[in-house]
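Worksheet for the structure shown next.
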């Protein structure tokens, strides 16, 4: 299901959950949360390659042609093709908070058993 600008603005909760439904997008948003302002495409691809053991060149291609456009469409980030710079947007902040909260709750629940 494609998400367009009006859908993401109309239902930000759905947009956040859709963004977080993909593990690579979770990793992208987590990586951006660790950066104060922006991240380079190469830095992001290298980080994902280290985390997953995948080829950085293949990840870079996937980022440019799939993941970054999807997250940009969801208004989670902006990607400058000229400078190859990724910046998170306000909705990404909410998604990151939701992701961190969920991870905390699940960690507490797993220790309670």
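Consider the range 13-30. How many of its residues are part of a helix (DSSP H, G or I) and at pLDDT below 90?
8
Go through the range 31-93 and tell me which helices (runs of 4 or more DSSP H), entirely inside it, have 3 or more residues that are touching a helix residue (DSSP H, G or I) at 6+ places or on another chain (Cβ under 9 Å), under 23 Å from residue 12 (Cα atoms) and touching a residue at least 24 places away in the same chain (Cβ under 8 Å).
Result: 68-73.
The values are calculated or read from the model by the stated rules, or taken from the named source; none is laboratory data. What you see is a predicted model, and the numbers here were worked out from it, not measured in a lab. Neighbour counts run over all protein chains shown; Cβ positions are idealised from the backbone, glycine included.
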